[in-house]
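Report on one structure; see the data block that follows.
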């Protein structure tokens, strides 16, 4: 059933109010400190609404939303796992929720201790020597990591120019390297999706500062020649950055620090189950080997004779990268997740995530074509190759999935796979939920063969039908304008 | 304007048509079909020095953002201003009104090392079977 919801601007009526305020006893007089040209008494078209108007509007919109609390959300490389409600109740404890970032730090020792313990936990999980919790997302973590590499090499008088990135990498990797002042060169993948070590040797040279590597890669395949890769880069004086977006697959099994990785970011909103919340806030802590420790961002949490405090006195630091102390509420939830699961629980998370992805691959492989034949870990990528003759594309499949109540997988990424459908079920899904998803996918395959027009015009059961993505991108309408203005 | 027999192709799916020392460059019909509906084009400014195999612009479709690489070394003389308001020209007419830039080549002999039409078609077949 197609539905629509008017904008707040369209449902108000002049004079309608939500809250009746008492009369102002006297008009403020004198200079408010705001220049006259910026003061206004009327806002053209400003909506006037009652409380029930507003509550109904937003409640109706919320029912159109999709969320991991409503169903499986297999968005590949995003690790859309369920966020346990215990995290929320602990985050609302007054000692955390009512802390202000400007209160004297000596009055919030519990918060500082929690940050310190989270740093230690992330070190233990990843095998890195030190962590900063400041970056607010994976991409900012990449930028912070590359900035530290740049500071480290510059100080040694070995300023290098180039960063190598495999062609299957997340799109943020080249952007972060460029922002940190590097030129990016692409390293091709071998047919099974892993780094082509021969090509890597060819690209490596005295001007290469670092290799940015995602492991397991965006096809879900573990870089089983990681030790050789590290040897090639380290042998030529470069450093290796690991994008930890896919860390869920490695929990309790592989510690990147043990393989020799120099810098690693983790996405707490992926691996450690904090909300993705419509794009933010997230947290992208960065771990480093000891040689890079002097360059970590400030402030850093330290413990001295006067207890817990924040320290800014690190002359080689790349400086501040975030207001105050990072996204503390996100750090807190990740800490609760780690402490409530423990080492054994985290290992099970990794195992179950891999098992669930492999189960999807096993059940779907007869009807959908896997992008690679090698064993994958936490996510599986299919191409739409076997649908070409039917005239059905990845976009049609993704749109039709909405009718079955599933958020679609990541589509058209990685770019190395034509018509990619990239699925990451996470450890949170039961066998029944996975089977329901597989049934929907098999139904879609059946429709592609017998009634492809159902797919071409999907979705049918969502509040709005197929949107014109081309027009939206070419002629975006990003704001409301009063029809009378 | 562009003589199809005179086109040369890269493995990254750009074409170049050489007239004297100036080459007109665009992306191939195969490339525009793979990308899907193009919604945004960004090209380097006139006067920019471009290098064979290095980025000279980006095209964004509803599926992805892709880099466009220069087939040759030279200096960018002109970019197709129509593409900023009508990026769909690349989908509609990739070898004509969808041209992207004109480059003055520093070494026109470079063009001879690119693929001609029949080798490009063979390359596409080979790529398709590899998938």
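The values are calculated or read from the model by the stated rules, or taken from the named source; none is laboratory data. Owing to the predicted nature of the structure, the values given are computational and were not obtained by experimental measurement. Because the Cβ atoms are built from the backbone with ideal geometry, glycine has one as well, and the counts that use them run over all protein chains shown.
Of the strands (runs of 3 or more DSSP E) entirely within region A:116-196, those holding at least 2 residues that are modelled with pLDDT of 95 or more and under 22 Å from residue A:270 (Cα atoms) occupy A:130-132. Scanning region B:17-38 for residues being closer than 18 Å to residue B:58 by Cβ, part of a strand (DSSP E or B) and more than 13 Å from chain A (Cβ to nearest Cβ) gives a total of 3.
The number of residues in region A:188-213 being surrounded by fewer than 23 Cβ atoms within 10 Å (Cβ to Cβ) and within 25 Å of residue A:424 (Cα to Cα) comes to 6.
Residue by residue, here is whether (1) in contact (Cβ under 8 Å) with a residue 12 or more places away in the chain; (2) crowded, with 19+ Cβ neighbours inside 10 Å; (3) in contact with a strand residue (DSSP E or B) (Cβ under 9 Å, 6 or more places away or on another chain) holds:
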site	(1), (2), (3)
A:75	yes, yes, yes
A:86	yes, no, no
A:93	no, no, no
A:107	no, no, no
A:111	yes, yes, yes
A:115	yes, yes, yes
A:118	yes, yes, yes
A:122	yes, yes, yes
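The requirement of being more than 10 Å from the chain's Cα centre (by Cα) and closer than 26 Å to residue A:393 by Cβ is not satisfied by residue B:94. Scanning region B:39-73 for residues that are within 13 Å of residue B:103 (Cα to Cα), exposed (fewer than 14 other Cβ atoms within 10 Å of the Cβ) and within 14 Å of chain A (Cβ to nearest Cβ) yields a total of 1. Considered as a group, the residues in region A:248-290 that are assigned to a helix (DSSP H, G or I) and in contact with a strand residue (DSSP E or B) (Cβ under 9 Å, 6 or more places away or on another chain) include one that is surrounded by the fewest Cβ atoms within 10 Å (Cβ to Cβ), and that residue is A:290.
Here residue A:351 meets each of (1) within 14 Å of chain B (Cβ to nearest Cβ); (2) closer than 21 Å to residue A:124 by Cα with one exception, condition (1). Figure legend. Inter-residue proximity from region B:111-125: first residues in contact (Cβ under 8 Å) with a residue 24 or more places away in the chain, second residues surrounded by 14 or more Cβ atoms within 10 Å (Cβ to Cβ) and in a helix (DSSP H, G or I), beta-carbon distance below 9 Å, spacing 6+ or different chains. Indicated pairs: B:114/B:120; B:115/B:123; B:120/B:30; B:124/B:30. Only one of B:83, B:76 is part of a helix (DSSP H, G or I) and surrounded by 15 or more Cβ atoms within 10 Å (Cβ to Cβ). Can you tell me which? Going through B:83, B:76 in turn, the sole match is B:83. Per this entry, residue B:131 is not counted among residues that are away from chain A (no Cβ under 12 Å) and modelled with pLDDT under 95. Within region A:151-168, the set of residues being surrounded by fewer than 22 Cβ atoms within 10 Å (Cβ to Cβ) and closer than 29 Å to residue B:12 by Cβ comprises A:160, A:161, A:162, A:167. Here residue A:419 meets the list (1) at pLDDT 95 or above; (2) touching a helix residue (DSSP H, G or I) at 6+ places or on another chain (Cβ under 8 Å) almost entirely, failing just condition (1). Of the residues in region B:2-11, not one is within 14 Å of chain A (Cβ to nearest Cβ) and over 15 Å from residue B:113 (Cα atoms). Quick check on my filter: what residues within region A:379-397 are within 14 Å of another protein chain (Cβ to nearest Cβ), crowded, with 22+ Cβ neighbours inside 10 Å and assigned to a loop (DSSP other than H, G, I, E, B)? Answer for region A:379-397, where residues must be within 14 Å of another protein chain (Cβ to nearest Cβ), crowded, with 22+ Cβ neighbours inside 10 Å and assigned to a loop (DSSP other than H, G, I, E, B): just A:384.
Residues are listed down the side, and each one gets a yes or a no for (1) under 30 Å from residue A:433 (Cβ atoms); (2) modelled with pLDDT of 90 or more; (3) outside any loop (DSSP other than H, G, I, E, B):
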residue: A:14; (1), (2), (3): no, no, no
residue: A:28; (1), (2), (3): no, no, no
residue: A:34; (1), (2), (3): no, no, no
residue: A:102; (1), (2), (3): no, yes, no
residue: A:113; (1), (2), (3): no, yes, yes
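Answer yes or no as to whether residue A:234 is closer than 30 Å to residue A:65 by Cα, in a helix (DSSP H, G or I) and either touching a residue at least 12 places away in the same chain (Cβ under 8 Å) or not assigned by TED's automatic domain parsing to the domain that holds residue A:332 (or both). No.
Considering only residues of region A:320-350 that are closer than 17 Å to residue A:137 by Cα and surrounded by fewer than 13 Cβ atoms within 10 Å (Cβ to Cβ), which is modelled with the highest pLDDT? Taking the candidates together, the pick is A:320. Every listed requirement among (1) out of contact with any helix residue (DSSP H, G or I) (no Cβ under 9 Å at 6 or more places or on another chain); (2) not in a loop (DSSP other than H, G, I, E, B) is met by residue B:91 save one, (1).
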